[in-house]
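The values are calculated or read from the model by the stated rules, or taken from the named source; none is laboratory data. Because the structure is predicted, anything quoted here is derived from the model rather than measured. With ideal geometry, Cβ positions are generated from the backbone for all residues, glycine too; neighbour counts draw on all protein chains shown.
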Amino acid sequence: MARALWTGSISFGLVTIPVKAYTAVKDHRIRFHQLEKGTGARIRNEKVSDKSHDPVDKDDIELGYEISKGTYVTVDQGEIADLRPRTTKTIDVADFVALDDVDPIYYERTYWLAPDGEGAERAYHLLRRAMEDKGKVGIGTVVMRTKQYLGAIRPLDGALAMSTMRFADEVVPRAEIDGLDGGTKAPAKKERALAEQIIDSLTTEWDPTRYHDTYTEELEQLLKKKAKGKEIVAEDVPEPDEKVADLMAALEASIKQAKPGRKRAARPAKRRGKKASTKASTTSSSRKSGSSGATGTARKRSTGASRKRSSTGSKRAS
């Protein structure tokens, strides 16, 4: 069973809901130790003085903030500890905002929030249902492990989840990145149509289980084989083509290579108004009428030509 990382309550207005927080994500990174070649001995990192190159005891180490090259302001651990926020037992929701208005760039790490005790279940599910119906997310602050976070509480898969968030000044503005000015020339209409066609051909329903960390999976297989003493044969990987292809040619080739038969997301059917139906009916009648008139004219011409040939034939005979 998962162990709660934090216990407290959600507070909004005069309502308090006891909850427990559980981690909702996990890393599957493979961690390595550094070993000395030949002996297999572990490599240890030792803290040494940059001047004397002698080991330094932890009691003789202080913290320094570099204000200019080689110049530091020093502080000790006690001064830092005095400034750290105390761990609180409350997620104080200050605002409810539209879920779609929060860009994913602000999200950091997500935790499941579970009701703490039977008495909390009613209020917990009431809040979850109300947020689902309104499409809102609760924004507030919480202190976990002596660090203050901005948090977003949102309904997720029939439960409540809290995602820690970055503050606004922690997000790098687009204006500070070179080459993100949006471009000065709009894409050609044909190029845009082909790009949209590629997107349509690759559109499907979201299924996170379709995607895998292939690097980690292959690394795990490598380690298992080496542990069993099997010979490792590296496969040749083709070098990527670094030539910049013609954009139109690349778009057209992409459409040809698009996988057929992919299940697309359902689209709402287009409704045709009465005007369109009337117009189509009128056009259809007009075409029929025009076709009939043209046939009649052709028949008249055919009859006249036949009579003329008959009259000419009679004169020659006489």
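Data overview
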{"quantity": "Selection count, the stretch 50-90, where residues are closer than 30 Å to M162 by Cα and either part of a helix (DSSP H, G or I) or in contact with a strand residue (DSSP E or B) (Cβ under 6 Å, 6 or more places away or on another chain) (or both)", "calculated": "9"}
{"quantity": "N45, sole failed condition from (1) in contact with a strand residue (DSSP E or B) (Cβ under 6 Å, 6 or more places away or on another chain); (2) assigned to a loop (DSSP other than H, G, I, E, B); (3) among the polar types (S, T, N, Q)", "calculated": "(1)"}
{"quantity": "Residue in the stretch 51-59 that is in contact (Cβ under 8 Å) with a residue 12 or more places away in the chain, surrounded by 10 or more Cβ atoms within 10 Å (Cβ to Cβ) and more than 30 Å from E217 (Cβ to Cβ) present", "calculated": "no"}
{"quantity": "Leading residue by the ranking (surrounded by the fewest Cβ atoms within 10 Å (Cβ to Cβ)) among those in the stretch 133-157 that are within 16 Å of D92 (Cβ to Cβ) and out of contact with any strand residue (DSSP E or B) (no Cβ under 7 Å at 6 or more places or on another chain)", "calculated": "K147"}
{"quantity": "Failed item, numbered, when Y211 is tested on (1) touching a helix residue (DSSP H, G or I) at 6+ places or on another chain (Cβ under 6 Å); (2) of a type outside the set (K, R); (3) within 28 Å of Q257 (Cα to Cα)", "calculated": "(1)"}
{"quantity": "Meets criteria (in contact with an Asp or Glu (Cβ under 7 Å, 6 or more places away or on another chain) and among the hydrophobic types (A, V, I, L, M, F, W, C)) for I139", "calculated": "yes"}
{"quantity": "Residue in the stretch 2-50 that is nearest to A123 (Cα to Cα), counting only those that are exposed (fewer than 12 other Cβ atoms within 10 Å of the Cβ) and either touching a residue at least 40 places away in the same chain (Cβ under 8 Å) or β-branched (V, I, T) (or both)", "calculated": "T7"}
{"quantity": "Residues being farther than 24 Å from L251 by Cβ, of a type in the set (A, V, I, L, M, F, W, C) and surrounded by 10 or more Cβ atoms within 10 Å (Cβ to Cβ) - total across the stretch 179-219", "calculated": "1"}
{"quantity": "Condition check for A130: surrounded by 18 or more Cβ atoms within 10 Å (Cβ to Cβ) and either acidic (D, E) or under 30 Å from K20 (Cα atoms) (or both)", "calculated": "no"}
{"quantity": "Counted residues, the stretch 94-106 - those being touching a residue at least 24 places away in the same chain (Cβ under 8 Å) and either in a strand (DSSP E or B) or exposed (fewer than 15 other Cβ atoms within 10 Å of the Cβ) (or both)", "calculated": "7"}
{"quantity": "Verdict on T88 being modelled with pLDDT under 90 and either β-branched (V, I, T) or surrounded by 13 or more Cβ atoms within 10 Å (Cβ to Cβ) (or both)", "calculated": "yes"}
{"quantity": "Count - residues of the stretch 62-118 that are farther than 22 Å from R145 by Cβ, more than 32 Å from the chain's Cα centre (by Cα) and not aromatic (F, W, Y)", "calculated": "12"}
{"quantity": "So A161, is it more than 22 Å from R84 (Cα to Cα), in contact (Cβ under 8 Å) with a residue 12 or more places away in the chain and more than 24 Å from the chain's Cα centre (by Cα)", "calculated": "no"}
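Residue-by-condition table, conditions (1) modelled with pLDDT of 95 or more; (2) in a helix (DSSP H, G or I):
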{"residue": "D92", "(1), (2)": "no, no"}
{"residue": "L113", "(1), (2)": "yes, no"}
{"residue": "G119", "(1), (2)": "no, yes"}
{"residue": "Y124", "(1), (2)": "yes, yes"}
{"residue": "I139", "(1), (2)": "yes, no"}
{"residue": "Q148", "(1), (2)": "no, no"}
{"residue": "L160", "(1), (2)": "yes, no"}
